[in-house]
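Notes follow once the structure below has been shown.
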Amino acid sequence: MTVNGSRRSLALDPRVTLLDALRDHLDLTGTKKGCDHGQCGACTVLVNGRRINSCLSLAVMHEGDTVTTIEGLGTPEALHPMQAAFVRHDGFQCGFCTPGQICSSVAMLQEIRQGVPSHATADLMQLQLSDAEVRERMAGNLCRCAAYPNIVAAIRDVAGGRA
């Protein structure tokens, strides 16, 4: 697989999750292990541009795929626009869920640009980036510190108030 732009080859037990492969075998610890049941979103990464819970996916399923983790989105010297917006809007408190929130929000904006509706989409012909739309699409990413208003503000900032 290609991880954060680098081709990586791993010999793993077929039961190893993508999350554990990233953290334990590739030392990419930005992706967090939260619930290990796909319910919190802390482990969200991008696979071929789509967001997934890496704790629910086996690493062997991703042969040939492109995986992007929080480390692959930006660097401390050159933050991804979503990372910069999270800092600007204080979209984090303890920071544990932040990598998953950021990866999920990057993919969520791409989904809107592609015209993929959600349960909150009122008009299927013209997707609007409302707060309700953002909250619905980000519902799989939990924040125990309750920084949700700031997370929504960061996402809307990057989207320019729209998709």
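With the chain treated as a Gaussian network of Cα nodes joined by springs under 10 Å, which of PRO14, PRO81, PRO99 yields the largest mean-square fluctuation?
Sorting by GNM fluctuation, first place goes to PRO14.
Tell me the angle of helix 148-159 to the major Cα principal axis of the chain, expressed in degrees between 0 and 90 and rounded to the nearest ten.
Relative to the chain, helix 148-159 is tipped by roughly 90 degrees.
When DSSP assigns beta bridges and you keep just the ones with both residues in the chain, what percent turn out antiparallel, to the nearest 5? Before the final figure, lay out the partial values.
Working: 9 of 11 bridges.
The antiparallel fraction comes to roughly 80 percent.
Helix 98-113 versus the longest principal axis of the chain: what angle, 0 to 90°, nearest 10, using Cα atoms?
60
Quick note: the coordinates plus some simple rules give every number you see, no bench work behind them. Note that this is a predicted model, so its numbers are computed, not measured.
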